[in-house]
Every structure is written in structure tokens, then in C-alpha cells.
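Please read through the structure below; I'll follow up with questions.
The values are calculated or read from the model by the stated rules, or taken from the named source; none is laboratory data. Because the structure is a prediction, the values reported are computed rather than measured. Every residue, glycine among them, receives a Cβ derived from its backbone with ideal geometry; neighbour counts consider all protein chains shown. Surface areas here come from the heavy atoms of the whole protein model, side chains and all, with no ligands, DNA or RNA. Shrake-Rupley method; radii C 1.70, N 1.55, O 1.52, S 1.80 Å.
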Amino acid sequence: MSDYPELAMYIDGEWVGVGDRRVHQVLNPATGQTLGDLPLAKAADLDRALDAAARGFKLWRATPAADRARVLKKAADLMRERVEHIARIATLEEGKTLGESRIETNVTANWLEFAAEEAKRAYGRVLVRPTGHRHMVLKEPVGPVAAFAPWNFPVGNPGRKLAAPIAAGCSVILKPAEESPNSALEVLRALIDAGLPPGVAQVVFGVPDEVSRHLLASPVIRKLSFTGSVPVGKHLMKLASERMLRTTMELGGHGPVIVFDDADIEQALSIIAPHKYRNAGQVCVSPTRFYVQEPVYEKFVRGFTEIAQSLPVGDGLDPATRMGPMANPRRLDAMEAFIGDARQSGGQVLTGGERVGNQGFFWKPTVLRDVPDTARIMNEEPFGPVAIMNPFKDFDDAVGKANRLPYGLAAYAFTQSSRRAMLISDAIEAGMVAVNNVMIAGADAPFGGVKESGHGSEDGPEGVEACQVIKSVSMA
Ligand code: NAD
């Protein structure tokens with residue numbers, strides 16, 4: 001396919017192609033057809049990447065912050081210029097609509113730009129000491145970072161994983177998801193074209209467990225940054241603990257949405273229903289468990305179901321499409337199992353609940369109601385286009401329901417009372433809360449969870465700080 005660039009890894013400033021390596025076939029989820037063959041790293045490739053990252057760190061930490069910032073800023077500009085090309089690749093690989101891919105590419109450019117600005121603000125402190133004494137608190141780059149990015153934001157996840165370490169003066173070895181490699185490589189290409197020196201960023205692909213074990217065991221690596229599921233996150237934390245690595249863990253969620261009886265229901269529906277089906281629900285902050293106060297429950301469920309039924313599902317390249325396919329066949333199997341179990345547990349399927357056709361990996365926008373807490377889907381992250389509706393009685397009932405899971409990533413609430421808005425945002429156990437809107441992310445806003453949804457933040461000043469260590473220096 002001519003507009004799909006050849007796949008390769010990037011190690012020590014060189015592109016590394018398939019050669020005699022194992023390959024992974026990258027599929028277009030809208031058609032099931034192969035887009036290209038992706039080389040998978042051998043142990044020797046990973047060792048080369050580690051050597052290059054060690055050298056790249058020495059070079060980059062000594063590079064003035066203003067120069068690091070210039071590279072990131074230029075890369076952001078290049079991504080904006082290339083938005084159509086990058087968005088098309090993201091849609092081909094991941095399935096989301098072209099409109100979503102365009103937004104994602106521009107938002108990623110914003111993250112690179114914000115990180116560029118933060119690169120210049122690694123301010124420390126000078127403590128008050130007697131004449132002839134100085135005591136300084138300095139921020140230094142943590143060192144080479146091993147980063148693992150999933151496929152659901154094929155441009156955005158790699159963008160975040162590269163921007164913060166590069167801003168802080170670290171080198172990085174990134175393993176993006178094997179499902180969406182060229183989207184990640186487009187971010188890298190923008191950085192290279194903006195002047196990023198060899199050795200500062202390497203991008204490798206491979207068998208995920210082989211790559212993470214190899215990299216995290218190396219004394220070169222000083223930090224792990226992972227976005228993905230809770231079970232894989234826990235596994236990687238154990239590996240990281242062997243070497244006491246710094247960690248940023250952005251794991252799954254099970255977003256509760258609390259709709260109070262004083263909410264503007266029409267407005268709430270127009271905001272939250274499209275947000276649910278964004279990227280076919282394959283979003284860690286996706287709204288999933290809808291708790292609606294009894295007096296407005298039936299109205300909300302009816303309105304939501306109508307919107308779900310009206311969404312055109314199809315190839316993300318088609319401008320008429322509002323929801324694309326699931327990113328891979330594993331998600332279809334997961335949806336079958338979740339919906340079957342919810343039905344057996346007594347839940348009702350109001351719309352959807354099945355695959356669309358047998359070409360590509362499409363699943364209908366789905367609404368379930370009255371699903372008991374014992375059903376799997378009420379406890380495990382469905383990561384798909386499923387909204388689950390249940391009623392609640394009063395404030396405490398809603399809070400109890402929202403906080404009952406070990407997840408704590410994103411939560412949403414709708415109410416016209418400012419007092420309720422304040423109380424609910426205080427009571428919810430989540431890293432991010434949106435009231436009467438869904439805009440929880442932004443280049444300047446910290447993104448991350450609590451409880452088993454992980455720890456540490458990406459984006460905002462906190463994202464760059466997470467790639468720094470503190471050194472306290474006293475002089476007399
Ligand atoms: P998965 O748990 O197998 O993988 C999730 C991600 O982790 C993938 O990108 C994968 O390449 C990577 N991974 C898996 N094992 C790894 C290892 N040993 N070392 C390093 N990386 C490893 O699941 P999946 O089928 O790819 O995705 C489905 C689940 O993942 C969802 O149910 C969801 O919970 C979670 N997920 C979360 C996010 C998020 O943004 N937090 C993104 C994508 C997937």
C-alpha cells in the first residue's frame with residue numbers, strides 16, 4: 001500500500017528492517033487485510049538500543065534545555081503540517097474515524113509543544129543558609145527510560161511516552177504496540193526531522209514480554225513508563241521493583257458516570273453518549289458504568305439508546321462513519337464473552353450486543369440495563385462500545401456504587417447544582433473527574449489514576465517532573 005510507509009525499528013540513528021528477524025503482520029481492522037510486516041527485535045537489537053540509549057543520555061542531558069525545547073517545538077509543527085498523512089495511517093492501523101485521528105494528531109502536537117515549554121522550567125530552589133553557605137535543590141533527568149505504549153491512541157500514547165523524557169533530558173527506548181507501529185513511527189519521524197540526535201530515542205518492536213524483561217533487567221534503564229491493562233501493569237511493576245526503577249503506570253479504568261435528577265438530561269446525553277462510543281469505547285477514560293438517579297432513569301436510558309442506535313458504524317476512512325471497528329480480533333472475543341455473561345446474569349441488552357457482519361472487527365454500539373454487580377462486565381474493564389445503565393437512590397448510594405471497584409481513573413457527573421458538583425468531585429475516588437463535561441485531558445493537565453488504575457501523571461508539568469530526580473547539594 002503506497003501511503004503506508006515501510007515498517008522498521010529505529011536504533012542508534014539507523015532504521016532496522018525485517019532482514020532475518022521474526023515478523024508481526026499488521027492488520028487493517030476495518031478489512032482484516034495485512035498492511036505490512038513488522039520486524040520483531042532480537043536480543044542483540046535490544047542490546048544495541050540499550051548501548052545507544054546510554055550514549056544518547058550522556059549527550060542529551062548535557063544539551064541546553066532551550067535546544068531540547070526547539071526540537072520538540074519543531075516536531076510539533078511538523079506533526080501539524082503532516083496531520084492528513086498521519087491521521088490516515090492511524091485510522092488504517094487502529095480503525096478510529098479519520099476525524100478522531102486528526103484530533104489525536106493535533107493533540108499530540110500540543111503535548112510535544114507543552115513539554116518543549118516545560119523543558120525550560122526545570123527550576124530548583126536555593127535554601128536560606130548563613131553567608132558563605134549555599135544549599136540548592138536541583139532537578140536532574142532520571143536517565144534512560146523504557147516506555148511501553150498501547151494501540152488505542154496509536155499516535156497519542158507514543159507521543160506522550162517520547163515527549164516527557166525528551167523534554168527532561170532523558171533518552172528513551174519506546175516499544176509501541178505491534179498493532180499500530182507506523183503511527184508511533186510518524187511521531188518519531190517528526191522528531192528526527194526536527195533534529196533529534198541519534199541515540200536519544202529508539203523505537204523497537206517485539207514479543208512484549210521478551211522486550212520488557214530484557215530492557216527492565218538492564219542497568220542502563222532508570223525508569224519504566226507503561227500504559228496498558230492492570231494485570232500487565234502489575235507484572236511490569238514486579239520486574240521494575242528488582243531494580244527499584246522509577247515508574248509511571250497508566251492502567252485501565254471502569255469510568256462511573258453519575259447523573260443526578262437535577263441534571264440537564266438532553267445536554268448530558270448530547271455530551272456523554274458520543275464520548276462513550278469514541279474509538280469504539282477502547283479508551284481508558286471511557287464512561288462505562290452509568291448510574292442515573294431514579295426519577296430520570298427511564299428518560300436517560302431511552303435517550304441514550306436512541307443515540308447509540310443512530311450511530312453509523314463503518315470503515316473509519318469513510319466520512320459518514322461515526323464509530324469504527326474494534327482494533328483487533330481479541331476485542332471481539334472479549335465483547336462476546338462480556339455480553340454473554342451479562343445476559344446470563346440477568347442484564348438486559350437494549351441495543352447492539354453483537355458483531356456487525358463478518359469482515360473486519362466491527363461491534364454494534366451497545367447499551368445494557370439493570371446489570372447486577374455480580375456480572376463480569378460490572379467488575380472488569382470492558383474496553384469496548386458498551387454502556388451499562390443502572391439506577392441509584394441518593395448521593396451516598398451513587399458514591400458507594402461509583403467507588404466499589406479497585407479502579408480509579410476517570411469519573412463523570414452531571415448536575416446543575418454547584419454544591420452537588422463540589423461534593424461529588426470530592427467523594428469520587430478517581431485521578432480525574434469531569435462535571436457537566438468530558439474534557440479531562442489537556443496538554444497542561446495531569447493525566448493519571450489512583451488505586452489500581454496506576455500512579456504518576458502524564459502531561460502537564462507533572463509529566464516532565466516524572467522524568468526528573470531531585471538532588472540536594474549543600475556547599476560551604
Ligand atoms: P494486553 O493486556 O495484552 O496488552 C495491553 C498493552 O500492554 C498492549 O499494548 C501490549 O502490547 C502491552 N503488553 C502486554 N504484555 C506486555 C509485557 N509483558 N510487557 C510489555 N508490554 C506488554 O491487552 P490488549 O488485548 O492489547 O488490550 C486489552 C486490554 O488492555 C484492555 O482490556 C484494557 O484494559 C487494556 N488497555 C488499556 C489501555 C489504557 O489506555 N490504559 C490501553 C490499551 C489497552
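Would you kindly find the accessible area of HIS214, with a 1.4 Å probe and non-protein molecules such as ligands, DNA and RNA excluded, rounding to the nearest 10 Å²?
Its accessible surface works out to 50 Å², give or take rounding.
Continuing with this model, one more query. Extension gain MET422-VAL126, at 0.36 nm per residue separation less the Cα-Cα distance, in nm? Walk me through the intermediate numbers first.
On the way: separation 296, 0.36 × 296 = 106.56 nm, distance 3.73 nm.
Gain in length upon complete extension: 102.8 nm.
Then there's this: Have a look at MET237, SER101, ILE339 and report the one farthest towards the positive end of the charge dipole of the chain, computed about the Cα centre with Cβ charges (Lys/Arg +1, Asp/Glu -1).
My answer, from the dipole projection, is MET237.
Taking 0.36 nm per residue of sequence separation and subtracting the Cα-Cα distance, how much length would be gained by fully extending the chain between ASN358 and ASP209, in nm to one decimal?
Values: separation 149, 0.36 × 149 = 53.64 nm, distance 3.10 nm.
Length gained between ASN358 and ASP209: 50.5 nm.
What is the spin-label model distance, in nm, from ALA65 to GLU336 if the labels are put 7 Å beyond Cα along the C-beta direction?
5.4
Distance check, please: which entries in LYS96/LYS238; LYS42/LYS139; LYS42/LYS74; LYS223/LYS276; LYS299/LYS401; LYS234/LYS364 exceed 28 angstrom between their Cα atoms? Can you show the working numbers first?
Working: LYS96/LYS238 33 Å; LYS42/LYS139 35 Å; LYS42/LYS74 33 Å; LYS223/LYS276 33 Å; LYS299/LYS401 21 Å; LYS234/LYS364 32 Å.
Those over the limit are LYS96/LYS238; LYS42/LYS139; LYS42/LYS74; LYS223/LYS276; LYS234/LYS364.
Report the relative contact order of the chain, percent, no decimals, based on alpha-carbon pairs under 8 angstrom and at least 6 residues apart. Display every interim value, and only then the final one.
Details: 1130 pairs, mean separation 87.4, N = 476.
For the chain, the relative contact order is 18 percent.
Also, quick follow-up: Given a 1.4 Å probe and the protein chains all in place, what does the accessible area of LYS364 round to, in Å² to the nearest 10?
LYS364 has an accessible surface of roughly 70 Å² with all protein chains in place.
Divide by every residue of the chain the summed helix terms, -39500 (n - 2.57) for each DSSP H run of at least 4, and state the resulting mean residue ellipticity at 222 nm, rounded to the nearest 500 deg cm²/dmol.
Values: 14 runs with 187 residues, N = 476.
Rounded to the nearest 500, the figure is -12500 deg cm²/dmol.
Mind ranking PHE114, PHE205 by accessible surface for me, highest first, 1.4 Å probe? Let's see the in-between values first.
Numbers: PHE114 40, PHE205 0 Å².
Accessible-area ranking of PHE114, PHE205, largest first: PHE114, PHE205.
Using only the Cα atoms, what convex hull volume per residue in Å³ does region 1-130 have?
Values: hull volume 20.5 nm³, N = 130.
About 158 Å³ per residue, rounded to a whole number.
Of all accessible surface on the chain at a 1.4 Å probe, what whole percent is carbon and sulfur?
On the way: 9780 of 18660 Å².
Its accessible area is 52 percent carbon and sulfur atoms.
Would you mind computing the Rg to Rh ratio of the chain from its alpha-carbon coordinates, Kirkwood style for Rh? If you can, show how the numbers build up before the last one.
Details: Rg = 22.8 Å, Rh = 23.1 Å.
Rounded to two decimals, Rg/Rh equals 0.99.
Length gain on complete extension for the stretch ARG343 to ILE470, per 0.36 nm per residue less the alpha carbon to alpha carbon distance? The partial results should precede the final answer.
On the way: separation 127, 0.36 × 127 = 45.72 nm, distance 5.26 nm.
Working it through step by step, the gained length comes to 40.5 nm.
Ok, one more. Stick to the Cα atoms of region 255-443, pair each with every other, and give me the Kirkwood hydrodynamic radius in Å at one decimal. Could the numbers behind the result be given before it?
On the way: mean 1/r = 0.0604 Å⁻¹.
Taking the inverse mean of 1/r over all distinct Cα pairs, region 255-443 comes out at 16.6 Å.
Can you report the principal axis dimensions of region 342-453 using only the alpha carbons, biggest first, rounded to whole angstrom?
Taking the Cα atoms of region 342-453, the three principal extents are 46, 36, 29 Å.
To the nearest 10 Å², what's ASP193's accessible area with a 1.4 Å probe?
Its accessible surface works out to 80 Å², give or take rounding.
Kindly state, to the nearest 0.05, the FRET efficiency for TYR4 paired with GLN309, given R0 = 60 Å and r defined as their beta-carbon distance.
Working: r = 34 Å, r/R0 = 0.56.
According to the calculation, E is roughly 0.95.
Given an 8 Å cut-off on Cα distances and at least 6 residues of separation, report the relative contact order of region 255-443 as a percent. Walk me through the intermediate numbers first.
Values: 364 pairs, mean separation 53.1, N = 189.
Once normalised by length, the contact order is 28 percent.
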